[in-house]
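Working notes for the structure below.
Throughout, read-outs are computed from the coordinates displayed, never taken from laboratory work. The shown structure was predicted, so the numbers you read here are calculated from the model rather than taken from an experiment. Positions of Cβ are backbone-derived with ideal geometry, glycine not excepted, and every protein chain shown enters the neighbour counts.
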Amino acid sequence: EYDGELGLKPAPNYRFLTASGCYAVGGIDDKDDLQSLLKAFSGLDFSSDEVSGVMAVTAGVLSLGNLDFAAAGEGSTVSGGAVADVARLWGVSDEALRKAVTVRTIEVRGTTTEIPLKAAEAPETAAAFAMTTYRVLFDWLVTRINQVLEGPRGKFIGILDIFGFEIFEINAFEQLCINYCNEKLQQLLN
């Protein structure tokens, strides 16, 4: 349902997924899981705009891993279709996204300085950008779900998964995300 809207490609086309070798797991039906997720969103009174936003942010995070960087003078440039994909999904200009992942901006006492990132630094910045975006989305989802479930006695939902993704041969971005998620949930529950 969201493939056409989001412009998603098959999972092996995303570096964040192929780095860990995790894009096909036996016994897991992604289409069925998506339908379950959409039913859960509906049951929690998420609007269609909220669901579309969650999907677009998630697809954008996935696409950030596909940015291609090259040296350009003292800095770097970013090219490839992933730039346009992320910019479209997040509703920002290509130029704003390019600047966000190739330039470090520092403000000191009202003076803004822009420092070009070297080609070796830019992919790390893009990965950090992806992780931060994922964190903000996760925090928003927890807050939004708790708002929906809040009753007269202030009930909330908390989930703690301590097992992680043991089924991966190599743990990379996905394991980092689940570990971060677990730490945030543990903080919330404690």
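A compact table of results
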{"read-out": "Top positive-direction residue, dipole computed over the stretch 1-115 with Cβ charges, set GLY43, ALA100, GLY73", "value": "GLY73"}
{"read-out": "Mean shadow area of the stretch 2-85, taken as a quarter of the surface of its Cα convex hull (nm²)", "value": "7.1"}
{"read-out": "Farthest toward positive dipole pole in the stretch 25-134 [+1 Lys/Arg, -1 Asp/Glu at C-beta], among THR133, PRO116, GLY53", "value": "PRO116"}
{"read-out": "Ordering of 34-44, 56-66, 118-128 by burial proxy (mean other Cβ atoms within 10 Å per residue, highest first)", "value": "56-66, 118-128, 34-44"}
{"read-out": "Whole-Hz ³J(HN,Hα) from phi, Karplus 6.51 cos²θ - 1.76 cosθ + 1.60, for the stretch 105-115, glycine and proline x", "value": "10, 10, 10, 10, 6, x, 9, 9, 10, 10, 10"}
{"read-out": "Cut-off under 5 Å, modelled amide H: who pairs with SER76 long-range", "value": "LEU117"}
